[in-house]
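The values are calculated or read from the model by the stated rules, or taken from the named source; none is laboratory data. Just so it is clear, the model here is predicted, and its values are computed rather than measured. Cβ: placed from backbone, ideal geometry, glycine included. Neighbour counts: every protein chain shown.
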Amino acid sequence: MLHHAIGAFDDLGFGSPVLVEASELVRTMRMPLFFALAGLVATSWVAPGASWRRLVGTKLVVLGWAYVLWMVLRAAWFGVVLPSPRQSPGPAELVERLWLPEAGWFLFTLGVFFLAARATARAPSWLVIGTTIALSVAAYAAWLRTDNPAWDGALRYACFFVIGVRARHHLVGLGERTTPRRATAVVGLWAAAWIVLDLAGVRSVPGVHTGLRLGGVAAGVCLAVVCARSELLRRLGRATLPVYLAHQLIVLPGAALVVGAVGLDLTGHPLAGLAVLVLPFGLFALALTASWALGEWAARSRFAWLFAPPPALLAATSGRRVPSGVR
């Protein structure tokens, strides 16, 4: 979310090079960690012998519901709030984006990973991990590319999901051994590697991008263990779907509104440098609070369907009764 806030201001010519570079560093952790943790908790869904009906009728229905619904809601929202050809696809383009997604691509890609992991559940771990790492290296080197966030993401990030599934005990073991001092060391080594490789000008060498992200996963697991000591962060961690889905509806028009209102007045102003550093954090805090509140309100109201399919639909697709609010 902060990455999107920083990028939104930068796209509008009101960005901070320092924040952009910091965001590039965190990029090597953010999505790889997301997919690795998704794989970590996916074991029962994709293990050999796991029920295909349960996987498709429950997990994929949940992902598909959120993906399709919020793609439509996003198009409608930006068509009114921030109208532009890029943000407001027509009906035909909206249908095309079902399999060539941009917004919400991570949900689409996650669904592909669940299906692929279940289909290859009986293949040797060394083969699956090795193949997906090779795909990641090739994708980051642009030897394989589709120019679509979802499918390029599938090539780049499949190895992290697979590691979460196939090397689950290693990630869990890392978390169990983590102390604040060890977490500081791992995060420091990951950040130092990024800086050194950047200064050396070798980040584009095939394999470096994937390697840095493997380090980012290790650093992210250690950070997650330390952050889990906070009850507030644990609560936020249990409500990530609303935050993932809703925050851009606030961030993009919010950045445009702020730059339109104060950007010109701050041009050349002594406080301009401070403003470009502070404003993304202010917008991040606003978007986080609003999207989190939306998720909490929806869960307690008749609008729970915004983030979870109706229980009747899940019951019909999975063949069993599903409690209200299951995600």
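Numbers below:
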| item | result |
| --- | --- |
| Flag for V208 being touching a Leu at 6+ places or on another chain (Cβ under 9 Å), farther than 25 Å from R53 by Cα and not basic (K, R) | yes |
| Residues of region 6-48 that turn out to be polar (S, T, N, Q), under 23 Å from G164 (Cα atoms) and within 18 Å of the chain's Cα centre (by Cα), as a count | 1 |
| Among the candidates A150, A142, A185, residue that is at pLDDT below 95 and either among the charged types (D, E, K, R) or out of contact with any helix residue (DSSP H, G or I) (no Cβ under 8 Å at 6 or more places or on another chain) (or both) | A142 |
| Conditions (1) in contact (Cβ under 8 Å) with a residue 12 or more places away in the chain; (2) at positive phi: number failed by D147 | (1) |
| Condition met for H170 (free of Cβ contacts under 8 Å to residues at least 24 places away in the same chain and on the phi < 0 side of the Ramachandran plot) | yes |
| Members of region 198-248 that are among the small types (G, A, S), surrounded by fewer than 18 Cβ atoms within 10 Å (Cβ to Cβ) and not in a helix (DSSP H, G or I) | A200, G201, S204, G207, A228, S230 |
| Condition broken by W70, with the remaining ones in (1) at pLDDT below 90; (2) farther than 30 Å from I129 by Cα satisfied | (1) |
| Filter result for V186 (in a helix (DSSP H, G or I), under 18 Å from A47 (Cα atoms) and without any contact (Cβ under 8 Å) to a residue 40 or more places away in the chain) | no |
| Residue check for A290: under 22 Å from E21 (Cα atoms) and at pLDDT 90 or above | no |
| Answer from W143, W126, W151 - the residue that is assigned to a helix (DSSP H, G or I) and surrounded by fewer than 19 Cβ atoms within 10 Å (Cβ to Cβ) | W126 |
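The rows are residues; the columns are (1) part of a helix (DSSP H, G or I); (2) modelled with pLDDT under 90.
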| position | (1), (2) |
| --- | --- |
| A261 | yes, yes |
| L264 | yes, yes |
| G295 | yes, no |
| R321 | no, yes |
